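The values are calculated or read from the model by the stated rules, or taken from the named source; none is laboratory data. These numbers were taken from a predicted model, which means no experiment stands behind them. Methodologically, a virtual Cβ is constructed for each residue, glycine included, from the backbone with ideal geometry; neighbour enumeration extends over all protein chains shown. Protein only, heavy atoms only, side chains kept; ligands, DNA and RNA dropped before computing areas. Shrake-Rupley method; radii C 1.70, N 1.55, O 1.52, S 1.80 Å.
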Amino acid sequence: MTSPLPPDHLAALNAYWRAANYLAAGQIYLLANPLLTEPLRPDHIKPRLLGHWGTSPGINFIWAHLNRAITLRDLNMMIVVGPGHGGPAALANCWLDGSYSQIYPSVPRDAAGLAILMRQFSFPGGVPSHVAAETPGSIHEGGELGYSLSHAFGAAFDNPDLIVACVVGDGEAETGPLATSWHSNKFLDPARDGAVLPILHLNGYKIANPAVLARIGDELDALLRGYGYQPAYVTGDDPLVVHGQMAAAVDAATERIAAIWAEFRSGDGGQARPLRPARPAWPMIVLRTPKGWTGPAEVDGLPVEGTWRSHQVPLANVRTNPEHLRQLTQWLESYAPAELFDADGRPRRELLTLVPSGDRRLGMNPHANGGLLLRDLDLPNPREHAVPVEAPGAVSTEPTRVLGELLADVMRRNLATRNFRIVGPDETDSNRLTAVIEVTGKAWEADVLPVDVNLAPDGRVMEILSEHTCQGWLEGYLLTGRHGFFSCYEAFIHLVDSMVNQYVKWLKVSRALPWRRPIASLNYLITSHVWRQDHNGFSHQDPGFIDHVVNKKAQVIRVYLPPDANCLLSVADHCLRSRDYVNVIVAGKHPSPEWLDIDAAMLHCARGVGIWDWASNDGSASGEQAEPDVVLAAAGDVPTIEVLAAADILRRHLPDLRVRVVNVVDLMRLQTASEHPHGMADAEYDALFPPDRPVIFAYHGYPTLIHRLTYRRAGHDNLHVRGYLEEGTTTTPFEMLVLNNMDRFHLVMDVIDRVPGLGPRAAMLRQDMADSRARHREWIVAHGEDMPEITQWVWGDHRTEPTARARTEGGRALHVPGL
Ligand SMILES: Cc1ncc(C[n+]2csc(CCOP(=O)(O)OP(=O)(O)O)c2C)c(N)n1
Ligand SMILES: [Mg+2]
């Protein structure tokens, strides 16, 4: 590769790089004396040396060259730094291009600002050591490795003139999420999306080991080409030589991107197959330079530069070891800071000649502060998709299919603005959101066979069997100011637990940064849930994602368990309008009764929790003074059915027992107001769940969560929760409930056991309930499906008198109509 660099550009690039390296090292070490205007003393050194040097010079090198390309070609470019532990590098570059001082005026681009920049890094009250929400120009919380490439692709979708440069650590590349995300290029439409320029940072090492990709010889090239990329190699340790190679590689890559775009966008755009051009091999750069480049070559007799030993702090004992202090002085002086910064501490003009200005700066690209670009979705009135309900339970629907119609409408209304996508790991159809696919198709750039259906290069449903990639794409898409929806099987959403951790941390911090504008919420539809794993059984039964997210910052987390399709519509509409949250919606896809008409559903969801007066006989319905003997509460669609069925039995057989039915849609209403913004005041909670009355609570997930959320409530000792007990298999839906003691019969037994004095009066009913559970078992073993009284149960008409209580015949419980 020949060098395209005129000497003045080479000089400017190298000076800029030296300055960035000086600033990165200075941030790790210097408490004072930031320009080395006096001899370095131990008291100039931070007492705790924290940060990562090893990756920083490489990131600085890449940054310098991206700056050059942006400046010379007026590129719209942003950067994602995969090795996010290279925080000192990102901060150094943002300070050099002025974006840091623009966002944080208290850290000006002069000697005073330089002192703060260095002191604040990894320092109490200062800034984190990693690339984070606080870092200008970043959409990437870089502490947990593996997500850079999927974030970069998410940012590039629907941004047709944006190039997202993505630094991938060679260690990071070993992670599962990163390894699978190379395939994102089979989902990026060169005609309508931007481009990602991966830069594999092959510095050879991780914390304590070589990186696999640095030690596989020619296989690396085969691997990257196999993933559909056209790698250019930039290799060496002589900066002046490597600058030339890198400039040529970046030029070639950006030219190739422009050529691909032009090819796909010319004429009719070649959109229609078979006219569409062949899927391009996208350019990428492999930068093979020493880890800790320009740092100390040897420390205490051991090689450091170019090895894993440079990963964090190459000289660890500078305050106490005079030799380390001498080496640090030599290292910092090797950059000749006096040549880089003027007497006022400002970067000299010569080194900024190839640094872009305004919004072209990598620290200021508006795409990296997506809220600035966010436009509201054009959302339909959910009433237009409502299921008519004449009486509770009179009709049955597949809730997610109803939601699919709403989402299809959202998709249709926003096709022109191209700012809404749905992601999922191959389950959009299985989760019955099929209507969406009919509006837009599924993104697909790989080969197509005649048998395929609904694949489209510009499809806006994104399906790849990698929950990590789905999550990464969506995060990148949201963080750059667009909207989206993630539908997933409940058990397997756990795969992204860790990514959600990081994302929630990002949101928590960014909400507190006034310059970061609010972005659209991350919306999950968790479906194919624990209670209806008819095909799959135990492996697919895990409702614990809710437990996971409620550990996170309350300001960010919302959990909704709509009991029917109309409530699901209302909740989804609310979530699509919200900002800066992670919304978790749990809803089933199997046919189930519709309880509320749309008006009642909207009201119920707005309350988040409420008494269902039509299902209660505690006086709530008639307006008389309500006095429940027991509260039956439900959170979740299947628990709601069981609670209503239990209330039905109780009202028929113990008509004097005053039963209140409460339904919880918004789980966080259960917490106290001091712990969650949605939390109910104690007075409100105590009114719904009188502390001196037993509450039998049927919950979708693990029962302990309800106890956790309510442990401060006065009536907690009277709260008895049924939920998933990790009992499951491939069996009938009702058997799942019986196995976990959440079936209607067991709920009735719970009521009989918990209401003071009821036991002796209702002993016969209790026995019938236990017998019914036994009878159910016999039945399913004999017939392979649930008893008709279960499958055909409907909410009774309680305006009539209760029927006679269960009798026995031949020692066995008889089925009582309505039971
Ligand atoms: C998922 C994850 N696992 C482990 C770590 C701990 N860790 C921090 S840096 C690092 C090595 C990274 O190596 P590489 O990606 O090559 O970065 P670089 O060499 O540029 O520092 C590791 C293992 C992490 N941050 N994230
Ligand atoms: Mg490395």
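Distance in nm between label sites at residue 11 and residue 298, each 7 Å beyond Cα in the beta-carbon direction?
The two pseudo-label positions are separated by 3.5 nm.
Per residue of the stretch 13-22, in order, report the coupling 6.51 cos²θ - 1.76 cosθ + 1.60 (Karplus, θ = phi - 60°) as ³J(HN,Hα) in whole Hz, putting x for Gly and Pro.
4, 5, 5, 4, 5, 4, 4, 5, 5, 4
About the Cα centre, and with charges only on the beta carbon of Lys, Arg (+1) and Asp, Glu (-1), how big is the dipole of the stretch 1-119? Nearest 20 debye, please.
About 240 debye.
What FRET efficiency comes out for the pair residue 417/residue 48, r = Cβ-Cβ distance, R0 = 30 Å, nearest 0.05?
Efficiency for this residue pair is about 0.05.
Give me the 1.4 Å probe accessible area per residue for the chain, excluding ligands and nucleic acids, in Å².
I get 35 Å² per residue for this part.
Based on the Cα atoms of the stretch 57-151, what semi-axes does the equivalent ellipsoid have, where each is the square root of 5 times one gyration tensor eigenvalue, given in whole Å with the largest first?
21, 18, 11
To the nearest 20 debye, what is the magnitude of the charge dipole of the stretch 328-411 about its Cα centre, counting +1 on the Cβ of each Lys and Arg and -1 on the Cβ of each Asp and Glu?
Charge dipole, the stretch 328-411, about its Cα centre: 280 debye, nearest 20.
When DSSP beta bridges are limited to those with both residues in the chain, what percentage is antiparallel, rounded to the nearest 5?
Bridges in the chain that DSSP calls antiparallel: roughly 20 percent.
Under the rule of at least 5 residues apart or a separate chain, name every residue whose amide H is placed under 5 Å from the amide H of residue 698.
Excluding prolines and chain starts, which carry no amide H, the hits are 633, 634, 635, 722.
How large is the dipole of the stretch 669-806 about the Cα centre if only Lys and Arg carry +1 and Asp and Glu carry -1, each at its Cβ, rounded to the nearest 20 debye?
260
So what's the gap between the Cα centers of the stretch 87-117 and the stretch 636-698, to the nearest angstrom?
54
Given a 1.4 Å probe and the protein chains all in place, what does the accessible area of residue 552 round to, in Å² to the nearest 10?
Only protein atoms counted, so the area is about 50 Å².
When you count, for each residue, the other Cβ atoms within 10 Å and take the mean per peptide, how do 637-645, 487-495, 543-551 rank with the highest first?
637-645, 487-495, 543-551
Using the Karplus curve 6.51 cos²θ - 1.76 cosθ + 1.60 with θ = phi - 60°, what ³J(HN,Hα) values do you get for each residue of the stretch 25-39, in whole Hz, with x for Gly and Pro?
Per residue, the Karplus-derived 3J(HN,Hα) values read 5, x, 5, 6, 9, 9, 8, 7, 6, x, 10, 6, 6, 9, x Hz.
If you add up the charges near residue 602, with Lys and Arg at +1 and Asp and Glu at -1, over every other residue whose beta carbon is less than 15 angstrom from its beta carbon, what do you get?
Computed value for this residue: -4.
What length, rounded to one decimal in nm, is gained on full extension from residue 494 through to residue 359, with 0.36 nm per residue of separation minus their alpha-carbon distance?
Gain in length upon complete extension: 44.8 nm.
Going 7 Å from the Cα of residue 555 along its beta-carbon direction, which residues of the stretch 483-514 have the amide nitrogen within less than 18 Å of the resulting point?
Inside the label zone: 501-514.
Scan around residue 341 for amide H atoms under 5 Å from its own, H built in the peptide plane at 1.01 Å from N, and keep only partners 5 or more places away or cross-chain.
348
If you stretched the chain out fully between residue 265 and residue 373, how much longer would it get, using 0.36 nm times the residue separation minus the C-alpha to C-alpha distance?
Details: separation 108, 0.36 × 108 = 38.88 nm, distance 2.41 nm.
Full-extension gain reported as 36.5 nm.
Farthest toward the dipole's positive end in the chain, which of 715, 67, 759, given Cβ charges of +1 (Lys, Arg) and -1 (Asp, Glu) about the Cα centre?
It is 67, whose Cα lies furthest towards the positive end.
Out of residues 5 or more away from residue 162 or on other chains, whose amide H comes under 5 Å of its own, with H placed 1.01 Å from N in the peptide plane?
When sequence neighbours closer than 5 places are left aside, the close amide H contacts are 194, 195.
Starting from the Cα-Cα distance between residue 781 and residue 342, subtract it from 0.36 nm times their residue separation and give me the gain in nm to one decimal.
Extra length available between residue 781 and residue 342 comes to 149.5 nm.
Restricting to lysine pairs 8 or more places apart or on different chains, what number in the chain have Cα atoms under 21 Å apart? Please list the in-between numbers first.
Numbers: 186/442; 206/291; 442/589; 505/552; 505/553; 508/552; 508/553.
So the count works out to 7.
What FRET efficiency comes out for the pair residue 316/residue 207, r = Cβ-Cβ distance, R0 = 22 Å, nearest 0.05? Can you show the working numbers first?
Numbers: r = 14 Å, r/R0 = 0.66.
For residue 316 and residue 207, the calculated efficiency is 0.95.
Provide the convex hull volume over Cα atoms per residue for the stretch 116-234, in Å³.
Each residue corresponds to 132 Å³ of Cα convex hull volume.
Given points 7 Å out from each Cα along the Cα-Cβ axis, report the residue 218 to residue 513 separation in nanometres with one decimal.
Result for the modelled spin labels: 4.6 nm.
Using a probe of 1.4 angstrom, how much of the accessible area of the stretch 231-317 is carbon and sulfur, in percent?
57
As a check on your grasp of the helix formula, calculate [θ] at 222 nm for the chain: sum -39500 (n - 2.57) over DSSP H runs of n ≥ 4, divide by the residue count, round to the nearest 500. Can you show the working numbers first?
Working: 26 runs with 290 residues, N = 819.
Here the helix-only value at 222 nm equals -11000 deg cm²/dmol.
Rg and Dmax of the stretch 168-323 over Cα atoms: what are they, in angstrom?
19.6, 71
Once R0 is set to 35 Å, what does the formula 1/(1 + (r/R0)^6) return for the Cβ-Cβ distance between residue 235 and residue 454, expressed as a FRET efficiency to the nearest 0.05?
0.20
Report the local net charge at residue 376: Lys and Arg +1, Asp and Glu -1, summed over other residues whose C-beta lies under 12 Å from its C-beta.
Spelling it out: positives minus negatives among the neighbours equals +4.
With N residues in the chain, what two-decimal value do you get for its Cα radius of gyration over 2.2 N^0.38 Å?
Computed over Cα atoms of the chain, the ratio equals 1.10.
State, to one decimal in nm, how far the label point of residue 578 lies from the label point of residue 607, with both points 7 Å from Cα in the Cβ direction.
According to this spin-label approximation, the distance is 2.0 nm.
Can you tell which of 329, 306, 317 lies farthest toward the positive end of the dipole of the stretch 298-339, using +1 and -1 charges on the Cβ of basic and acidic side chains (Lys, Arg; Asp, Glu)?
317
For the stretch 384-393, what does the Karplus curve 6.51 cos²θ - 1.76 cosθ + 1.60, with θ = phi - 60°, yield as ³J(HN,Hα) per residue in whole Hz, taken in order and with x for Gly and Pro?
5, 10, 5, 8, x, 10, 7, 8, x, x
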